[in-house]
Every structure is written in C-alpha cells, then in structure tokens.
C-alpha cells in the first residue's frame, strides 16, 4: 500500500481519541512504523523534570497496554494487504517509544580497515559484537547527518513522484 493511501486508511480506521493528530508513517521494504502522539498528562505546576518524564513514559505505557488487542488486529489487516510487518510507536510531549519493531540482519562486505573500526568498538566495550557496533555506527551517522539524509529522502520522494507522473 502506498504511504499516502495508508495514512488516509489509518485516519479512517484508527479509533477517535487514540492520538491528538494524524499519525506519521515511516516505512522501508520490510516494515511499516506507525507513530502517533498521545495526549500529555496533567501535572501540578510544581512537578519537576523527573516527574514530568515519568508521567510521559507512563502515559505511553498505558496507551500500549490499553490498545494492544486492536493495534494487533489493525496491523494484521495491513500485513494481509501489504505484506510488510507493522510496528507501532507512541510519542508524548517529545518522549517516544516504539513497540514490536523488527530487527533484521543486513549483510555487508567489509574490508580490513572497516572491520578494525568495528573490532575497536567491541574491544572498547562500546558494543558487544560487530553487528551491534555496525548498528551503533549507523545510528551515529543518522544522528549527525540527519539534515543531509532528510534532503536525500525528499529528493528520492520527488523522483518517485516524477516517475509516477511519467508515461505508462
């Protein structure tokens, strides 16, 4: 299912009140991640940052538990039509937690200099394995090159749009 169609379908399918606005949909070849903003908890004005964070985390946990059965049903509907697995995430005032994500192996060929980088991270205790070290490197690049990656994704979306509007 195309992303825009899925966002529209979800707008009609998700129960009212689950989220305070439209959901975000992120996807790759294997998985669809549905992210929704849940309403923030009401706290006394004197609540400190620790209490506020604890309340946001608890609100996300409550959402996860209360909606589990219906989320699984909706995910199964999408998976039947689309073939990709569905994961969910909830966000509350900047705090975000994902549930039921896939963790897939990705094969790569690395030469000695790249393997030495991974082995250094393992030997230093930054990661437990080369696989975990590589995932750490990918997260680091994603964090520090987020703007460039975002621009690249926008350019790719434009290419997809041009292709879709081209001759059949």
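The values are calculated or read from the model by the stated rules, or taken from the named source; none is laboratory data. If you're wondering where the values come from, they're calculated on a predicted model, not measured in any experiment. Every residue, glycine among them, receives a Cβ derived from its backbone with ideal geometry; neighbour counts consider all protein chains shown.
Looking at residue 133, is it in the same structural domain as residue 15 (by TED's automatic domain parsing), over 18 Å from the mean Cα position of the chain (by Cα) and in a helix (DSSP H, G or I)? Taking the combined requirement at face value, the residue does not satisfy it. Each residue in segment 24-47 was checked for being farther than 26 Å from residue 72 by Cβ and either in a helix (DSSP H, G or I) or at pLDDT 95 or above (or both), and 0 pass.
Among the criteria (1) farther than 30 Å from residue 156 by Cα; (2) touching a helix residue (DSSP H, G or I) at 6+ places or on another chain (Cβ under 9 Å), the one residue 85 does not fulfil is (1). Only one of the numbered conditions (1) within 17 Å of residue 94 (Cα to Cα); (2) in a loop (DSSP other than H, G, I, E, B); (3) touching a helix residue (DSSP H, G or I) at 6+ places or on another chain (Cβ under 8 Å) is violated by residue 1, and that is (1).
Quick check on residue 47: is it over 14 Å from residue 92 (Cα atoms), free of Cβ contacts under 8 Å to residues at least 24 places away in the same chain and loosely packed, with under 13 Cβ neighbours inside 10 Å? Spelling it out, it is not the case that residue 47 is over 14 Å from residue 92 (Cα atoms), free of Cβ contacts under 8 Å to residues at least 24 places away in the same chain and loosely packed, with under 13 Cβ neighbours inside 10 Å.
Yes/no matrix, rows are residues, columns are (1) modelled with pLDDT under 95; (2) within 30 Å of residue 129 (Cα to Cα); (3) touching a strand residue (DSSP E or B) at 6+ places or on another chain (Cβ under 9 Å):
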| position | (1), (2), (3) |
| --- | --- |
| 2 | yes, no, no |
| 7 | yes, no, yes |
| 13 | no, no, no |
| 55 | no, no, yes |
| 101 | yes, yes, yes |
| 107 | yes, yes, no |
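Candidates 78, 34, 60: the one that is more than 26 Å from residue 153 (Cα to Cα) and surrounded by 14 or more Cβ atoms within 10 Å (Cβ to Cβ) is 60. When the test is whether a residue is free of Cβ contacts under 8 Å to residues at least 40 places away in the same chain, surrounded by 10 or more Cβ atoms within 10 Å (Cβ to Cβ) and under 30 Å from residue 2 (Cα atoms), residue 140 passes it.
Of all residues in segment 13-24, those being surrounded by fewer than 16 Cβ atoms within 10 Å (Cβ to Cβ) and either more than 24 Å from residue 93 (Cα to Cα) or in contact (Cβ under 8 Å) with a residue 12 or more places away in the chain (or both) number 6. Scanning segment 80-113 for residues that are in contact (Cβ under 8 Å) with a residue 60 or more places away in the chain and assigned to a helix (DSSP H, G or I) gives 81, 82. Is it fair to say residue 122 is assigned to a helix (DSSP H, G or I), over 23 Å from the mean Cα position of the chain (by Cα) and modelled with pLDDT of 95 or more? Taking the combined requirement at face value, the residue satisfies it.
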